[in-house]
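> Here you go, one structure.
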Amino acid sequence: MSKINIKIDDQAVQVEPGTSLLNAAKEIGIEIPYLCYHPDLSLHGACRVCVVEDLKSGKLVASCATPVTEGMEFSTRSQRARVARRRNVELLLANHPNDCLGCDRNGTCELQDIVHSLGIRSEDVERLEGERREVEVDEVGPSLKRDPNKCILCGRCVRTCEEIQGVSALQFANRGFNSIVTTAFDLPQRDINCANCGQCATVCPVGALTEISEIDKVWKAIEDDKKYVIVQTAPSIQATIGEEFGYEAGTIVTGKLAAALRRLGFNKVFSTEFSADLTIMEEGNEFLKRLQGDKNLPHITSCCPGWVKFAEHNYPDLLNNLSSAKSPMQMFSSIAKTYYAELEDIDPASIYTVAIMPCTAKKFEKDREEMNDSGYQDTDAVLTTRELARMIKEMGIKFELLNDEDFDELMGAHTGAATIFGTTGGVTEAAVRTVKEKLTGEPLERLNLGFRGINDAELVIGDKTIRVAIANGLANAAELLDEVRKGESPYDFIEIMACPHGCVGGGGQPLPASREKKDKRAAGIKAIDDQMVIRKSHENPMIIKLYEDFLGEPLGGESHHLLHTKYQARPKN
Amino acid sequence: MKDIIYRSHILICTGTGCTSSGAKKMRIALEDELAERNLNKEVKIIETGCHGFCEKGPIVVVYPEGVFYCEVKSEDIPELVEEHLLKGRIVERLLFKEPVTEENIPSYHDIQFYKKQERIVLSNCGKIDPENIDEYIALGGYEAVGKALSSMSQKDVIAEVKNSGLRGRGGGGFPTGLKWQFAHEAVSNKKYVICNADEGDPGAFMDRSLLEGDPHRVIEGMIIAGYAIGADEGYLYVRAEYPLAIKRLEKAISQAEDYGLLGDDLFSSGYNFKLHIKKGAGAFVCGEETALMASIEGKRGMPRPRPPYPANSGLWGKPTNINNVETYGNIPYIIKNGAEEYSKIGTENSKGTKVFALTGKINNTGLVEVPMGTTLREVIYDIGGGLGEGMKYKAVQTGGPSGGCITSEHLDLPIDYDSLLGVGAMMGSGGMVVMDDGTCMVDVARFFLNFTQSESCGKCTPCREGTKRMLEILERICEGEGEDGDIALLEDLAHHIKDTALCGLGQTAPNPVLSTLKYFRHEYEAHIFDHKCPAGVCKDLASAYLIDKETCVGCSICAKACPVDAITGTPKESYQIDDDICISCGVCASKCPVSAISQG
């Protein structure tokens, strides 16, 4: 179709049909402010902060929700449009706590940015002030804190939970001024079918949805001389935490990350990639066994705790298809408090394990009743990427000036296969590398599955044809699972990550996030793998040693006890 | 079986209004009385829908004479049967008495209330048994759909409706034929028609009465619309608070299905159409078309931005035509009698009739249908019988919470879509609330803002937050806490909300404020600057009472009557009121035997 001619603030512009006024203005360098709009979500048109004046009809229209039509002329800078945008922001502020200094999103708040750029002053808001929303804050966790008093009802969380995740744990309730976003029957987060993925928090423009912080707990452990604090950092963190310190998305800062963790006072600085290799040893062998026995297929990954909880609520009948292998984080912690404690002669009771995760669901996973196989709670604290960045900032550590350092010996060793766990498709690729080589002795070419939505591939391994599929975003996952449920799934192996793009798009990652940023983060992760000398989990020398010294065989008795788990059916709502 | 031929038919209105005034009880009494006197083979009782004259319910009409009785109670039944049915004498005391002439009027058509009405949509209401499809058919029902399906193309039907000049009766006044054309032109293998019966304006009951009194008319209108746009399925969205309307619709649908008027291959034309009823939970905002469709889909009733319009992407994303009850109610007449005949009624740009729900300080509360172009004066004084005794006309509020006031200077305004907009009011769905000089216009604005604020879906910022701030200011003014600058802020917010709210509910929410500010600004100013409520409605502003020392005889009756002990004095001398304690209840003034107490 041919382009559409419009005029924005007297400038003639040609744009593609279907472009919104908001994006048309962006193309000529005019950023119209908005709050409810989000490029990954359906149109909502609620905040009315992006209004512009349609010069032909004389009406103010929401630029996000108005598609261009031929000959349209509109003004972003007319007095009416300019004042209307301000007034709507002022109205939001008149019912907002405005306690920016103490807010988790101070500095990353989109409302704060808009107030700043529009130059709204306190007196503009004071004249509109009256009653303010006063609703109970849900902070019992396990993963997320919801403060409806800060909420501006933009509905991004509601749409994310429904459209991207297919969970619909959050909805609008009540009417008029009493409207809020809440859970069914206002139940706390722990009592609902929430997957704890935290995607809502990544789209929230203000501080209404944030992770439950464990920073204080971790400081306390570090400051306790009797505690031996071991930290592990998930594969994706090295490609994302740089953003908190001004680096371009996808910049790999592994060396600085290890150095910063040491500066914070952790006794040992390790990588979850070590146990990601271990996961492949267990899960790869488990898949092989299922494939050979034609049992519980398709084999579905279980390293994503958001996905696991979603399955427990919505697909309890398919729990046998999930790999029984624990997630890398949990494998790491069980080994740290058993094998590593023994090796280093440390009392496991004094070991405090901290996991730096891209994920809010990991906070829930660590507290699961199944996660005590070391004889203690395996993982003691989980920090998101954002929380770790905050600790580094609190200590005044100049991240960008740090010299690169390595992870500590043994549980820092890893392969490229482990690194790619950080992005969608990574687990599958890592698993297939090991499975194919074990079966045929031949190495695997890159699978190159895409980052978005559902992707699949077919590969011939010896005399077998294996079909694999990956899905990220739980609404996408549900499509694959419904097929499995109906017995119509063509796949042998399915990888599911709750968050779009996998862990690089996790609910605990730096804000704000966009699809473009997530693409770059994922590309960064793949680039590390490309440069690695050892790229297959079964070739990790420390993993080989771990099996020789301690575990015996994959799926063996000790492995079964420490590295595998069970799932529980949970109510649908 | 041979049909019994009855010598008399007694029509009892069992619409919601008459039912609540005791029509059901009276009907049982009548049945018993007829049985006792062995008249049940001679006189037939028929339950009808609303006659519109709800003020005077329960209403009974006796045919063949056509005598119109009102306010008939069970106790009146023996006399009615004895006198009218046995002796053939009219029961004078149960006739309608014209308020002005005090004359007893026996016939329907001679009552002023009906004289100036032109009943097209309501023509069958009160005349037929709405639960009997044969009665609708006997009066020409389903002829229009037969004509459309057997002799008109889809385009012919649309052209007829376009030429009739019919505009949407739900509030916006969009040309109906054009709306149908858009839905007709949308390409899809599935389309829907929806009837919006989510009537929610305070005091409005036009749609309810039509659905209760003549459900088949609306169904027929919908079938024709469905045929015209190419839809094979329709939904009637009726609020659950209208149980009688729902019951009668259910019955009507099932009868139409039995008669082959709904279902497959209607009139052997190959056209299929089925209808469903969806009960709404009573949210005002669900009257907004996109919210209504969300509600049918099982979602929270919240409006969404348009475009896309329902004609292209409506219910479940399919092209959908959505009209109001009364709009569909006009369709059978248009198709049967032709656009030319229809367009003779009304004004240049507003054709046909409009049904209004006349309420407030008026003698004849009820439902009236008048040709477009009738003046407000005719509606209020000729049909409505004017205001109650001693009351002075102040304004009429039209269009409910989205509308505005019309003052006495516009009483001779011919009512149509455009004239009402011109004076800052709107047609809306047809609510008409008459107010007298004892009405405080700031309080009226506060009432409507309170309504829209509590009915706002909470989606968009200006409606959710803005109407709340406006309401707070109005409450402040009514409580005597108004400040200099409040009026300016009200106007600022009102224009802002009008300009930027997402849906019609929000965009029109400030109208009652803007309209009262336009015509009664002095009342706002009196509240704010003089701390007075001219109408004496706002309690916090009612001025304190004063005892005139000269007149007071020191009887002490006032002091004893005062509920808050604000009056002190010496018996046989004089008494005084303490302003700080007085709550301006007025009890003292009403008890004073020498009228020495008045409001200062």
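> How do the strands (runs of 3 or more DSSP E) wholly within the range B:1-112 filter down when requiring 2 or more residues that are closer than 30 Å to B:Arg377 by Cα and aromatic (Phe, Trp, Tyr): which remain?
It comes to B:67-69.
> Can you tell me which residues in the range A:121-142 are open to solvent by less than 70 Å² (accessible area, probe 1.4 Å), in a loop (DSSP other than H, G, I, E, B) and more than 14 Å from every other protein chain (Cβ to nearest Cβ)?
A:Val137, A:Gly141, A:Pro142, listed by residue number.
> Does B:Ile158 satisfy being in the same structural domain as B:Glu257 (by TED's automatic domain parsing), closer than 17 Å to B:Gly221 by Cα and touching a His at 6+ places or on another chain (Cβ under 7 Å)?
Yes.
> Still on this structure, I have one more. Hey, can you tell me all the residues within the range A:473-485 that are touching a Phe, Trp or Tyr at 6+ places or on another chain (Cβ under 8 Å) and either among the small types (Gly, Ala, Ser) or open to solvent by less than 10 Å² (accessible area, probe 1.4 Å) (or both)?
Within the range A:473-485, A:Leu474, A:Ala477, A:Leu480, A:Leu481 qualify.
> Being out of contact with any helix residue (DSSP H, G or I) (no Cβ under 9 Å at 6 or more places or on another chain), farther than 21 Å from A:Gly412 by Cβ and surrounded by fewer than 22 Cβ atoms within 10 Å (Cβ to Cβ) narrows it down to one of A:Lys226, A:Lys295, A:Lys289, so name that one.
None of the other options fit; the residue is A:Lys289.
> Quick one: B:Gly282 ticks every box in (1) farther than 30 Å from B:Ile128 by Cα; (2) part of a loop (DSSP other than H, G, I, E, B); (3) open to solvent by less than 50 Å² (accessible area, probe 1.4 Å); (4) within 12 Å of chain A (Cβ to nearest Cβ) bar one, so which box is it?
B:Gly282 satisfies every listed condition except (1).
> Would you point out the residue of the range A:529-554, among those that are crowded, with 19+ Cβ neighbours inside 10 Å and not polar (S, T, N, Q), that is farthest from A:Lys289 (Cα to Cα)?
A:Asp529
> Oh, and also: List the number of the failed condition for B:Gly66; all other conditions in (1) touching a residue at least 24 places away in the same chain (Cβ under 8 Å); (2) more than 27 Å from the chain's Cα centre (by Cα) hold.
With respect to (1) touching a residue at least 24 places away in the same chain (Cβ under 8 Å); (2) more than 27 Å from the chain's Cα centre (by Cα), B:Gly66 is out only on (2).
> Given (1) open to solvent by less than 60 Å² (accessible area, probe 1.4 Å); (2) touching a strand residue (DSSP E or B) at 6+ places or on another chain (Cβ under 9 Å), where does B:Ser590 come up short, assuming only one miss?
In the conditions (1) open to solvent by less than 60 Å² (accessible area, probe 1.4 Å); (2) touching a strand residue (DSSP E or B) at 6+ places or on another chain (Cβ under 9 Å), B:Ser590 misses (1) alone.
> Open to solvent by 10 Å² or more (accessible area, probe 1.4 Å), among the hydrophobic types (A, V, I, L, M, F, W, C) and without any contact (Cβ under 8 Å) to a residue 60 or more places away in the chain: does that describe A:Ile252?
It is false that A:Ile252 is open to solvent by 10 Å² or more (accessible area, probe 1.4 Å), among the hydrophobic types (A, V, I, L, M, F, W, C) and without any contact (Cβ under 8 Å) to a residue 60 or more places away in the chain.
> Here's something else I'd like to know. Checking the condition open to solvent by 20 Å² or more (accessible area, probe 1.4 Å), touching a residue at least 40 places away in the same chain (Cβ under 8 Å) and more than 30 Å from the chain's Cα centre (by Cα), which residue from A:Ile30, A:Ile6 passes?
When all the criteria are applied, what remains is A:Ile30.
> What single numbered condition from (1) exposed (fewer than 15 other Cβ atoms within 10 Å of the Cβ); (2) in contact (Cβ under 8 Å) with a residue 60 or more places away in the chain; (3) among the aliphatic types (A, V, I, L, M) fails to hold for B:Leu86?
Among (1) exposed (fewer than 15 other Cβ atoms within 10 Å of the Cβ); (2) in contact (Cβ under 8 Å) with a residue 60 or more places away in the chain; (3) among the aliphatic types (A, V, I, L, M), B:Leu86 violates only (2).
> Out of A:Glu405, A:Glu483, I need the residue that is over 15 Å from the mean Cα position of the chain (by Cα) and closer than 21 Å to A:Gln238 by Cα. Which one?
Matching residue, one of A:Glu405, A:Glu483: A:Glu405.
> Also, quick follow-up: Just wondering, is there one or more residues in the range B:349-365 that are farther than 22 Å from B:Leu421 by Cβ and open to solvent by less than 20 Å² (accessible area, probe 1.4 Å)?
Yes, that holds for at least one residue.
> Moving on to the next point. Are any of the residues in the range B:74-94 closer than 27 Å to B:Thr359 by Cβ, more than 23 Å from the chain's Cα centre (by Cα) and modelled with pLDDT under 90?
Scanning the range B:74-94 turns up no residue that is closer than 27 Å to B:Thr359 by Cβ, more than 23 Å from the chain's Cα centre (by Cα) and modelled with pLDDT under 90.
> It is to be established whether one or more residues within the range A:252-271 are under 22 Å from A:Glu553 (Cα atoms) and either assigned by TED's automatic domain parsing to the domain that holds A:Asn540 or among the β-branched types (Val, Ile, Thr) (or both).
No: zero hits.
> Which of (1) open to solvent by less than 10 Å² (accessible area, probe 1.4 Å); (2) within 20 Å of B:Gly504 (Cβ to Cβ); (3) in contact with a helix residue (DSSP H, G or I) (Cβ under 8 Å, 6 or more places away or on another chain); (4) of a type in the set (Ser, Thr, Tyr) does B:Ser295 not meet, given it meets every other one?
(1) is the only condition that B:Ser295 fails.
> So which residues in the range A:81-98 are in contact (Cβ under 8 Å) with a residue 24 or more places away in the chain and within 7 Å of another protein chain (Cβ to nearest Cβ)?
A:Ala84, A:Asn88, A:Leu91, A:Leu92, A:Ala94, A:Asn95
> Looking only at helices (runs of 4 or more DSSP H) that lie completely in the range B:142-212, which have at least 2 residues being within 13 Å of B:Ile322 (Cα to Cα)?
Those helices (runs of 4 or more DSSP H) span B:176-185.
Yes or no, residue by residue, for (1) in contact (Cβ under 8 Å) with a residue 40 or more places away in the chain; (2) within 30 Å of B:Val285 (Cβ to Cβ):
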{"position": "A:Asp138", "(1), (2)": "yes, yes"}
{"position": "A:Asn149", "(1), (2)": "yes, yes"}
{"position": "A:Cys161", "(1), (2)": "no, yes"}
{"position": "A:Arg175", "(1), (2)": "no, yes"}
{"position": "A:Val181", "(1), (2)": "no, yes"}
{"position": "A:Val203", "(1), (2)": "yes, yes"}
{"position": "A:Glu211", "(1), (2)": "yes, no"}
{"position": "A:Ile230", "(1), (2)": "yes, no"}
{"position": "A:Gln238", "(1), (2)": "yes, no"}
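> Which of the residues spanning the range B:438-490 are assigned to a loop (DSSP other than H, G, I, E, B), of a type in the set (S, T, N, Q) and more than 8 Å from chain A (Cβ to nearest Cβ)?
Within the range B:438-490, B:Thr439 is the sole residue that qualifies.
> Moving on to the next point. Restricting attention to the range A:80-103, does a residue exist that is among the small types (Gly, Ala, Ser), within 26 Å of A:Asp10 (Cα to Cα) and surrounded by 15 or more Cβ atoms within 10 Å (Cβ to Cβ)?
For the range A:80-103, residues among the small types (Gly, Ala, Ser), within 26 Å of A:Asp10 (Cα to Cα) and surrounded by 15 or more Cβ atoms within 10 Å (Cβ to Cβ): present.
> Restricting attention to the range A:171-188, which residues are open to solvent by 40 Å² or more (accessible area, probe 1.4 Å) and either away from every other protein chain (no Cβ under 13 Å) or farther than 19 Å from B:Gly458 by Cα (or both)?
Once the filter is applied, which keeps residues that are open to solvent by 40 Å² or more (accessible area, probe 1.4 Å) and either away from every other protein chain (no Cβ under 13 Å) or farther than 19 Å from B:Gly458 by Cα (or both), the range A:171-188 yields A:Phe185, A:Asp186, A:Leu187.
> Being part of a loop (DSSP other than H, G, I, E, B) and crowded, with 18+ Cβ neighbours inside 10 Å: is that true of B:Ala535 here?
yes
> Another question about this same structure. I need the full set of residues from the range A:143-170 which are within 21 Å of the chain's Cα centre (by Cα) and surrounded by fewer than 19 Cβ atoms within 10 Å (Cβ to Cβ), in order please.
A:Glu163, A:Gly166, A:Ser168
The values are calculated or read from the model by the stated rules, or taken from the named source; none is laboratory data. Small disclaimer: the values here were computed from a predicted structure and weren't measured. When we count neighbours, we look across all protein chains shown, and the Cβ atoms used for this are built from the backbone with ideal geometry, even at glycine. Side chains included, ligands, DNA and RNA excluded: accessible areas come from the protein's heavy atoms. Shrake-Rupley method; radii C 1.70, N 1.55, O 1.52, S 1.80 Å.
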